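Accompanying notes for the structure given below.
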Amino acid sequence: MQNVTHLLKTRRFVPLFVTQFLGAFNDNLFRTAMVLLVIYGIYRSAEQEALFSAIAGLLFIAPFFLLSALSGQLADAYDKARIARAVKSAEIVIMLFGAAGLYFLNIPAMLVALTAMGIHSTFFGPIKYAILPQHLERDEVLGGTGLVEAGTYIAILGGTILGGLLVVQDPDGRYHAEYAALGVLLVAIAGRIAGQFIPAAPPSTEDSGTLNDPDLPRPGLDWHIVRASINLVKATMHVPRLFVAIMAISFFWAIGAVLAAQFPPLVKNVFGGDQSVATLFLAIFSIGVAVGSVIINRLLKGEVSARFAPMSALLMGACVLALYGLSISWTPYPELVGTRIFLEEPTGWPVVLSLFGVATFGGMFVVPLYAFLTTTVPKSETARTVAANNIVNAGAMVLSAVLLAGLLKLGVSVAQTLLLVAAGTIVSAWLGRKLHLACLEAGCA
């Protein structure tokens, strides 16, 4: 296994790692507190709750679809570290608004803050990945990407757990989240402090011979977001290896968006669990992706390759089918139960293990694909390539959210949506296989 733990002692990696860690932590602290507060403390309808989760996911991801082209152009045109600091400053303002929504139980205010956090993440996303090949050696990029992904999902775990804990229920049944409101503000401030130490990452002038492709997007700023998005996606997707990689990642996130949006409704309305069980599900998912990120780096020994992608996607699908089978055979309690009672059920631990398998194999699938995107294009074009990926990913996730909302309106149950996720993993496996074969032919893996 390539030893990349030394990166955790270097300034060229640690400030970025901490900054993105705190950003992911805060995203999930706020989102978890908001979703649990609304589902358990405000709404009283299974259909409303499932629809709210889908809408919240749609609002968070829509900015990626609309603004990724601009964010990628800016990241390639200006110092990435300076942009990161500006984005983290904006997070403090956003969380002031989000904290007010949590404190006053104001759903519109919470949704506005969630959308703004989507914009924040849209502009930070290309930086997070594109800065790695600029600060790391080529044989460190896969390991660095794995550490970022593992750190992100550990942050998701921490934010998810804390978000669940800080939504408090009083003896009279009332839910409130003023502690979560304070928490999101403090984490935003800490993220801004960490961002101050990211080393400079000015625009790269690299125009590498074998990696340079005349069809890749070229430098320059286009402030017309629709035209810029179309041109960026067309230029990037015209390159066959990038087309397959981006489509594989997009299918992964589309099915992941459906799965994540349904966790709280699935827990409450299928398994009969309270918010602590919903937090457990989200936490197990986060741990699993982090574990998968580490495992795939060990298996590939630092090599950027998609050879394990088909197997990982199919195993992920098998675990989703197992979760579906367990959900339709589950008999919920008359009242919502906590984690201890849930795990005492004979099928409680199999549910947890199935979910862990879904997440682990998902992490094994997606981490090498991100490393592939950042190492097979010149450094001067990395952010725009990641941005093009984010646009297509966002489009896929928006479509999946719309499809999910439509299916729920037509009467499809929360448990049955798991079958949609399982079907999606077959497409992901096929795309992963195509990417691996394309890389073998081109000598890029």
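Worth pointing out:
- Once C-alpha pairs closer than 8 Å and six or more residues apart are averaged by separation and normalised to the residue number of region 68-217, the relative contact order reads 40 percent.
- Computed FRET value (nearest 0.05) for residue 303 with residue 172, which takes r as the C-beta separation and R₀ as 45 Å: 0.20
- ³J(HN,Hα), Karplus 6.51/-1.76/1.60, whole Hz, each residue of region 109-121, x for Gly, Pro: 5, 5, 5, 5, 5, 5, 5, 5, 5, x, 5, 4, 5
- Label corresponding to volume of the Cα convex hull per residue in Å³ when calculated from the structure given, among [x] 176; [y] 157; [z] 127: [z]
- Sorting the segments 110-123, 340-353 by their mean number of nearby beta carbons within 10 angstrom, highest to lowest, gives 110-123, 340-353.
- Listed residues 128, 301, 268, most fluctuating in the chain (Gaussian network, C-alpha, under 10 Å): 301
- Extended-chain gain in nm, criterion 0.36 nm per residue less alpha-carbon gap, residue 402 and residue 82: 111.6 nm
- Computed extension length for residue 330-residue 426: 32.0 nm, one decimal, from 0.36 nm per residue of separation with the Cα-Cα distance subtracted.
- For region 111-126 versus region 323-340, the gap between their alpha-carbon centres in whole angstrom: 34 Å
- If R0 equals 41 Å, the separation of the Cβ atoms of residue 89 and residue 231 corresponds to a calculated FRET efficiency of about 0.90.
- Site pair residue 419 and residue 223 shows an inter-label distance of 5.1 nm when each label is modelled 7 Å from Cα along Cα→Cβ.
- Long-range HN-HN contacts of residue 337 with modeled amide H, under 5 Å: 273, 274
- Degrees separating the helix 348-375 axis from the principal Cα axis of the chain, which is the longest one: 20 degrees
- Tensor-based shape of region 102-183 (alpha-carbon gyration tensor, a/c under 1.5 rounded, otherwise prolate or oblate): oblate
- With all protein chains modelled, accessible area of residue 324 [1.4 Å, Å²]: 50 Å²
- Solvent exposure of region 303-347, expressed per residue, is 52 Å² of accessible area, with all protein chains present and a 1.4 angstrom probe.
- Ligands, DNA and RNA left out, the 1.4 Å accessible surface of the chain is 68% carbon and sulfur atoms.
- Residue 8 versus residue 107: modelled label distance in nm, points set 7 Å from Cα along the beta carbon direction: 4.2 nm
- Remark: accessible surface ordering of 234, 9, 379 (largest first) is 9, 234, 379, probe radius 1.4 Å.
- With contacts taken as Cα pairs under 8 Å and at least 6 residues apart, the chain reaches a relative contact order of 28 percent.
- For the chain, the number of Lys pairs separated by eight or more positions or lying on different chains, with C-alpha atoms closer than 30 Å, is 22.
- Alpha-carbon centroid distance for the pair region 360-389 / region 15-94, whole angstrom: 20 Å
- 0 to 90° range, to nearest 10: angle between helix 275-300 axis and the chain longest Cα axis: 30 degrees
The values are calculated or read from the model by the stated rules, or taken from the named source; none is laboratory data. This is a predicted model, so every value here is computed, not measured. Cβ atoms come from the backbone with ideal geometry, glycine included; neighbour counts cover every protein chain shown. Ligands, DNA and RNA are excluded from the accessible area calculation, which covers all protein heavy atoms including side chains. Shrake-Rupley method; radii C 1.70, N 1.55, O 1.52, S 1.80 Å.
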